[in-house]
Amino acid sequence: MALFEVERTVRAPAVAVWERLTDWPAHGGRVPLTRITGVSVPAEGAGARFTARTGVGRVGFDDPMEVVEWSPPEAGRAVGRCRLVKRGQVVLGWAEIEVYGPEAGDGTAGPVRVVWREELGVRGVPRALDPLVAWTARRVFCRVLDGLLRAP
């Protein structure tokens, strides 16, 4: 499994940053050749599920995910944490999104620190290629994170 981490600091209210980062359908607009399908109702909270479908036409794969931890920032708690587990046949692992900022709920605009940590495995890809997988994933998710944080 390839482990990587991306960190960013943004000036925005922690709650708004959290909402951008946990808008699952918005991720599909940022990950190349990917769309988000099957978003459960509700889409937030532990137990929520969705699938990232990556590919062109009929050629591709599904990356079903489940939210297993959900602790959004709110008044009195300036840290938010979400953990996803990948439940698919091709992509394995987990992802964590953490938001650190001023006391949430008071409307202050940052600075807010975001940490995206992910352990990623691709079935059939040898462990010897984990450094390449981590490097590639980190580059992709730097762009994803930057795009989500710029979103209005």
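Below are the figures for this structure:
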| item | result |
| --- | --- |
| Restricting the range 117-143 to residues that are charged (D, E, K, R) and open to solvent by 80 Å² or more (accessible area, probe 1.4 Å), the residue that is nearest to Gly93 (Cα to Cα) | Arg123 |
| Criterion violated by Asp146 - all others in (1) surrounded by fewer than 17 Cβ atoms within 10 Å (Cβ to Cβ); (2) assigned to a strand (DSSP E or B); (3) among the acidic types (Asp, Glu) satisfied | (2) |
| Odd one out for Val115 among (1) modelled with pLDDT under 95; (2) of a type in the set (A, V, I, L, M); (3) over 26 Å from Gly38 (Cβ atoms) | (1) |
| The range 50-75, subset within 13 Å of the chain's Cα centre (by Cα) and of a type in the set (Asp, Glu), residue most open to solvent (accessible area, probe 1.4 Å) | Glu69 |
| Unmet requirement for Gly93, which otherwise passes all of (1) buried (at least 16 other Cβ atoms within 10 Å of the Cβ); (2) at pLDDT below 95 | (2) |
| Members of the range 17-43 that are closer than 22 Å to Arg123 by Cα and touching a residue at least 60 places away in the same chain (Cβ under 8 Å) | Val31, Pro32 |
| Residue in the range 1-40 that is most open to solvent (accessible area, probe 1.4 Å), counting only those that are in a strand (DSSP E or B) and among the hydroxyl-bearing types (Ser, Thr, Tyr) | Thr9 |
| Candidates Ala78, Ala46, filtered to the one that is small (Gly, Ala, Ser) and open to solvent by 70 Å² or more (accessible area, probe 1.4 Å) | Ala46 |
| Filter result for Ala14 (under 12 Å from Cys82 (Cβ atoms) and touching a residue at least 12 places away in the same chain (Cβ under 8 Å)) | no |
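The values are calculated or read from the model by the stated rules, or taken from the named source; none is laboratory data. What you are looking at is a predicted structure, and each value in this text was computed from that prediction instead of being measured. All Cβ positions, even for glycine, are placed from backbone atoms using ideal geometry, and neighbour counts span all protein chains on display. Only protein heavy atoms, including side chains, enter the accessible area calculation; ligands, DNA and RNA are left aside. Shrake-Rupley method; radii C 1.70, N 1.55, O 1.52, S 1.80 Å.
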